[in-house]
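Undergrad: Dropping the structure in here first, questions after.
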């Protein structure tokens, strides 16, 4: 790469890096809101399913708050009530790992006094969790007193650690006892342990999780990878360029020969395009003239008597109007291919204009040309056409004898074709021979 290209590339990389870092710092924000209006299902649980438990949890909505009225019963050591937001079904759950901050707006009171609460986050992992067994979900826990914080309580999500009692109940290798929020099933607010019996009211206005769509660490690794990959690609490009430069001097003659061959091929293609109709592949009028000049060099005996067959697709305008020009083009191509397959290689087929073709059959008298045209007419009627069309053609046949003017013979074939149109189409009409 040239020095200018290197400088431009460096500027682009620096711009991308700066924009990405700024966007990550002041944008790229992701927020998850859990409140009374969110889509997450809400349910309550209490200790009545446990032996000796007699607490009663009641769920209600008060304005924008989800409220848990909990009547903690006496006589049971581990009494509790819990307000749970379901975030997903195991084993998939909801990935909260890219959030870094949690913000909680709620209140908790008991007998007009502030009380602590616990926040639980339960997640699934196939190594230690089982489908249908809620007790196998990993429990992350933090305890705080909402009244100690005015307004919202915001703190790093990393402060919600795995509950120690859960670690005691689930002896696992060290790599499985750390925080894991990739498959979160639920987020809950519950009464704290060892609180007095009686009425406890937990009112949750909202819980928000904040993070970045792409973490700073992941973005940094991505940018480093981008720089490394770009440098590697540039080095490979420079290496290949150097090798090409070394080969170029020894391969100059070969390149010139190939260039000359390419130019000759292009010239042949242009010459062929000048003689052929691009859509059908048949000759155009100029190509037919050149072909006839070439045939006359072989002598009149190889050409005369010749037959001219004018071919016109019936109701072609209706095909275009009803089915579109794309289908019409397919019909044009299909007819040209059908005619070429039915006639001899020495016969010349030209697209005369629009839906008209002119077939010149060399050394073919009128009677034989009529049979050729009739065979073509039947082949057209029996062929499969696009859009399940029923296609037919009208044919006009005229003989071109030695000494006759070609334009006059074409005119007679054209008039015979129009006579076939007037007689009802899908037929062959022969022009009356001169003399």
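Rule-based calculations on the coordinates, nothing more; no lab input. Treat the numbers as computed from the prediction; the structure is a model and nothing was measured. We place every Cβ from the backbone using ideal geometry, glycine too, and count neighbours over all the protein chains shown.
Undergrad: Calculate, in nm to one decimal, what residue 408 and residue 23 gain on full extension: separation in residues at 0.36 nm each, minus their alpha carbon distance.
TA: Stretched out fully, the residue 408 to residue 23 stretch lengthens by 130.7 nm.
Undergrad: So how tilted is helix 406-422 from the main axis of the chain? Cα-based, degrees 0 to 90, rounded to 10.
TA: Once rounded, one gets 60 degrees.
Undergrad: Please state the relative contact order of the chain as a whole percent: Cα pairs under 8 Å, 6+ residues apart?
TA: Numbers: 750 pairs, mean separation 60.8, N = 435.
It comes to 14 percent, rounded to a whole number.
Undergrad: Give the relative contact order (percent, whole number) for the range 373-435; include only Cα pairs under 8 Å separated by 6+ residues.
TA: Contact order relative to length: 38 percent.
Undergrad: Take the Cβ-Cβ distance between residue 344 and residue 379 as r, set R0 to 25 Å, and report the resulting FRET efficiency rounded to the nearest 0.05.
TA: 0.95
Undergrad: Continuing with the same structure: With axes computed from alpha carbons, what is the tilt in degrees of helix 216-250 against the longest principal axis of the chain, rounded to the nearest 10 within 0 to 90?
TA: Around 30 degrees separate the two axes.
Undergrad: Here is a follow-up. Relative contact order, percent, of the range 29-213 when contacts are C-alpha pairs under 8 Å separated by at least 6 residues?
TA: Once divided by the residue count of the range 29-213, the mean separation gives 36 percent.
Undergrad: Quick one: if you stick a label point 7 Å off each Cα along the C-beta vector at residue 322 and residue 98, how many nm between them?
TA: In this crude spin-label approximation the distance works out to 5.5 nm.
Undergrad: The list (1) 23.6, 74; (2) 20.7, 63; (3) 43.8, 129 gives values of Rg and Dmax of the Cα atoms in Å, and only one came from this structure; which label was calculated from it?
TA: (3)
Undergrad: Under 1.5 on a/c is rounded, so check that first for the range 29-213, then, if it is not, pick prolate when a/b is larger than b/c and oblate when it is not; a ≥ b ≥ c are the square roots of the alpha carbon gyration tensor eigenvalues.
TA: On the way: a/c = 1.65, a/b = 1.18, b/c = 1.40.
Oblate, because a/c is 1.5 or more while a/b does not exceed b/c.
Undergrad: Give me the angle, in degrees from 0 to 90, between the Cα long axis of helix 366-382 and the longest principal axis of the Cα atoms of the chain, rounded to the nearest 10.
TA: In the chain, helix 366-382 runs at an angle near 10 degrees to the longest axis.
Undergrad: Return the distance in nm (one decimal) between the two label points of a simple spin-label model at residue 278 and residue 367, each offset 7 Å from Cα along Cα→Cβ.
TA: Output for this residue pair reads 4.6 nm.
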